[in-house]
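Single-structure report; data block below.
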Amino acid sequence: LKDQFDNLDKHTQWGIDFLEKYAKFVKERIEIEQNYAKQLRNLVKKYCPKRSPKDEEPRFTSCIAFFNILKEVHDYAGQREVVAEEMGHRVYGELMRYSHDLKTERKMHLQEGRKAQQYLDMCWKQMDNSKKKFERECREAEKAQQSYERLDNDTNATKADVEKAKQQLNLRTHMADENKNEYAAQLQNFNGEQHKHYYIVIPQIYKQLQEMDERRTIKLSECYKGFADSERKVIPIISKCLEGMILAAKSVDEHRDSQLVIDCFKSGFEPPGDFPFEDYSQNIYRTISDGTISTPKQEGMRIDSKTTVGKAKGKLWLFGKKPKPQSPPLTPTSLYTSSTPNGSQYPIFSIEPVHYCMSDIKTGKPRIPSFRSLKRGWSVKMGPALEDFSHLPPEQRRKKLQQRIDELNRELQKETDQKDALIKMKDVYEKNPQMGDPSSLQPKLTETMSNMDRLRMEIHKNEAWLSEVEGKVAARSDRRHSSDINHLVTQGRESPEGSYTDDANQEVRSPPQQHAHPNEFDDEFEDDDPLPAIGHCKAIYPFDGHNEGTLAMKEGEILYIIEEDKGDGWTRARRHNGEEGYVPTSYIDVTLEKNSKGA
């Protein structure tokens, strides 16, 4: 390689170009990883649920699993970004820095080689010039010698010409000797520099270039390894992401999803009842002669051709003496019917169960099929009806009210903790006035107590609505159970007593149906007699009483106690003018009468 300087120049340049080519490959790979991570994040953002915090959409296990998979994909995208960052810092950045250093080092070594070559060329030129000068002087000396010999042999030449030619010969011979010595010195110097160039300087430069190229190769090997390590470092985390996706897939529970659907859409309404049979043929047989079998007239009964009849059809008593009909008690699911000779039936209502009719008006299921939808539409249009969720089905209304009560209880607990903290702080300030002014906490304490009273009132109101809904649901279930019993009773043969069974020997007569809440309707019509006073109280703090059902009072005002605190923080009181309402128990000083307590 001593004479392959140009080839080594080309090889080292190729090595640097290859290094930069690999760096460009790593850069494009980094861009791919960054774009991949960005696209994954955009994909996750696109399919992530966009719900407000108050959204109460049912959380199906399949949806939760999908959301967990989206989270894992988001984490996976983060790991791709880590790979790109690691490659950019450890591989691409290192390659670019090393490439710059390599170019600088290669340039320095090549410059040293070119300088050595230039110095050798200069020595060769000096040696060549001295050689050419020596050669020229030798030819001039030969010419001078020939001229001298020619004049010396010529008899016609004068002695002066011969002497002049001899002096010229001696001068040329002397100059030739000097040039010979100079040529010998230059030749010796060139040979020494040439030996030094090819055996010392150039081998040293080539060795430095070789070491530089080997370091470049080692650096490429390290970058290859770093490129793989950047991917291998995130494999455990990526494996966890994939395991999370598998766990999310295993968490899907079809039975739980079905139960969520049932809980979400469960309305609590009763299924529609059977369509009644309407007899339009009653007027045809009213003119039948008295000799035929006809329906006996009964006192206290009235005929209504449009009154509904039960689903079960009575068995006709055409042959034989028909027993005397008796009027059974009227129930929601069984009606007393009478038969005509041709098999037609018409309902006969008794005047006895007036209480049932009045109770059915209050709590019974509406007989108009569209009444429920009309009621729901009215509730949606009317603003105040939305506060108690009356526009929702019973079961959904119960859930909403329970959720609101839970939220109010949590807020009340926070306010209670805040009040306790303020009271403790006030006590500390009173014991240590240098720490703060106790009166500065009074406005905040008053505001907190006001908030507690407001929350207790809201809880009391919502609990009343919840009790109302639960009572209606219980009453509806009782009526459904009684209706099922009566429906089974009317599925058999008609007995002489008006009941209907499959066995003639087991004639059953339906018992009177008791209403689920017999006194609920009557309670609303009771006279609101004023409750007796069981004590008196004195207002410690003023209370505005803006909310409905509360009683405003001033500080120091004396009121009658007509109902004690039931544990909800409210006491029912009455003024001297008869105005009644609830006041916060913590705002008053109560004194109960021993002889009238509990009256």
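Selection of the stretch 414-459 for residues being of a type outside the set (Asp, Glu), more than 30 Å from Leu401 (Cβ to Cβ) and either outside any helix (DSSP H, G or I) or in contact with an Asp or Glu (Cβ under 8 Å, 6 or more places away or on another chain) (or both) yields Tyr429, Asn432, Gly436, Pro438.
Residue-wise test of (1) at pLDDT below 95; (2) under 17 Å from the mean Cα position of the chain (by Cα); (3) in a helix (DSSP H, G or I).
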residue	(1), (2), (3)
Tyr36	no, no, yes
Gln39	no, no, yes
Lys45	yes, yes, yes
Lys50	yes, yes, no
Lys71	yes, yes, yes
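Any idea which residue in the stretch 250-269 is surrounded by the most Cβ atoms within 10 Å (Cβ to Cβ), counting only those that are of a type in the set (D, E, K, R) and touching a helix residue (DSSP H, G or I) at 6+ places or on another chain (Cβ under 6 Å)? Across the stretch 250-269, the extreme among qualifying residues is Asp257. Only one of the numbered conditions (1) surrounded by 12 or more Cβ atoms within 10 Å (Cβ to Cβ); (2) over 30 Å from Asp128 (Cβ atoms) is not met by Asn156, and that is (1). Contact map, the stretch 395-423: first residue on the phi < 0 side of the Ramachandran plot, second residue open to solvent by 70 Å² or more (accessible area, probe 1.4 Å) and aromatic (Phe, Trp, Tyr), Cβ cut-off under 9 Å, separation 6 or more or different chains; pairs are Gln396/Phe265. Selection of the stretch 1-26 for residues being outside any helix (DSSP H, G or I) and modelled with pLDDT of 95 or more yields an empty set. Among the residues making up the stretch 532-546, a single one is open to solvent by less than 80 Å² (accessible area, probe 1.4 Å) and either at pLDDT below 80 or of a type in the set (Phe, Trp, Tyr) (or both): Phe543. Within the set of pairs 6 or more residues apart or between chains, which connect a residue that is closer than 11 Å to His197 by Cα inside the stretch 104-120 to a residue that is open to solvent by 50 Å² or more (accessible area, probe 1.4 Å) and of a type in the set (S, T, N, Q) with Cβ atoms less than 7 Å apart? Pairs found: Leu120/Gln194.
Residue by residue, here is whether (1) assigned to a helix (DSSP H, G or I); (2) under 30 Å from Ala184 (Cα atoms); (3) among the polar types (S, T, N, Q) holds:
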position	(1), (2), (3)
Ala77	yes, no, no
Glu81	yes, no, no
Glu94	yes, no, no
Ser99	yes, no, yes
Leu102	yes, no, no
Lys107	yes, no, no
Lys115	yes, yes, no
Lys131	yes, yes, no
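Quick check on the stretch 60-117: of everything there that is out of contact with any helix residue (DSSP H, G or I) (no Cβ under 7 Å at 6 or more places or on another chain) and among the acidic types (Asp, Glu), which residue is least open to solvent (accessible area, probe 1.4 Å)? If we take residues in the stretch 60-117 being out of contact with any helix residue (DSSP H, G or I) (no Cβ under 7 Å at 6 or more places or on another chain) and among the acidic types (Asp, Glu), then Asp101 is least open to solvent (accessible area, probe 1.4 Å).
The values are calculated or read from the model by the stated rules, or taken from the named source; none is laboratory data. Computed from a predicted structure; not experimentally measured. Cβ: placed from backbone, ideal geometry, glycine included. Neighbour counts: every protein chain shown. These accessible areas exclude ligands, DNA and RNA; they are computed on the full protein's heavy atoms, side chains included. Shrake-Rupley method; radii C 1.70, N 1.55, O 1.52, S 1.80 Å.
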